[in-house]
Structure formats: C-alpha cells, structure tokens
Amino acid sequence: MPDLNELSRAALSAAMRGGTAGWGQIGSASDNIRYAEPQEPQRRKKCYCGCCKRATHRGMANGVCLMIGCELYVRRWVRDGVAKPVTK
C-alpha cells in the first residue's frame, strides 16, 4: 500500500475514490480513476495531439503513467475517462 502522505493532491483524490489495490503496479484507463500530474522539465517531449508544443503533463491511472501530452490534451483525456459509464 502506498504512503498516502507522499501522494500529490490529484493522486490522493484518485486513490480515495478508486482504492489503492495494485497502486503503482497496474493501471488501466478504463477501470481506474484518471488524473493529471505535471511532467519533469528535463524529460519533455513533443505532444502527440499535433499542437507542436511540449508535453508538460502526464496522464495517470492508479499511480501508473499511461500517456503524456500538453496540458489541454491531458485534461481532455482525464475528462473523457470520467464521463464514460462502466458497463458490464
């Protein structure tokens, strides 16, 4: 189980809403709560959305980085993950 005091505000919110089972080991965009965190400055690549900007944020789920991109691209990815209902 992760130390909850060391998590960022967004990660702590996702952990409280989705649980901490498999935190940092297994992340799924469809099964876990998505959230965004800033990217380290020395590891910035180009964004994949086509905006020709640098990737400044990471798209995370369950403590695992699933994608990188500009802030707008990652925020849209997080928002679209929350809006989809889980069907079984």
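Details
- Summed over the range 18-29, residues that are of a type in the set (A, V, I, L, M, F, W, C) and either modelled with pLDDT under 85 or open to solvent by 50 Å² or more (accessible area, probe 1.4 Å) (or both) total 2.
- Considering the range 64-88, the residues that are open to solvent by less than 100 Å² (accessible area, probe 1.4 Å) and at pLDDT below 90 include one that is farthest from residue 18 (Cα to Cα), namely 80.
- Checking each residue in the range 1-57 for being without any contact (Cβ under 8 Å) to a residue 24 or more places away in the chain, assigned to a loop (DSSP other than H, G, I, E, B) and over 24 Å from residue 70 (Cα atoms) picks out 1, 3, 19, 20, 21.
- Number of positions in the range 31-63 that are open to solvent by 90 Å² or more (accessible area, probe 1.4 Å) and among the small types (Gly, Ala, Ser): 0
- For the range 1-17, residues that are surrounded by fewer than 17 Cβ atoms within 10 Å (Cβ to Cβ) and within 13 Å of the chain's Cα centre (by Cα) total 5.
The values are calculated or read from the model by the stated rules, or taken from the named source; none is laboratory data. The structure displayed is predicted, hence computed values, not measured ones. Cβ coordinates were reconstructed from backbone atoms using ideal geometry, including for glycine residues, and neighbour counts include every protein chain displayed. Surface areas here come from the heavy atoms of the whole protein model, side chains and all, with no ligands, DNA or RNA. Shrake-Rupley method; radii C 1.70, N 1.55, O 1.52, S 1.80 Å.
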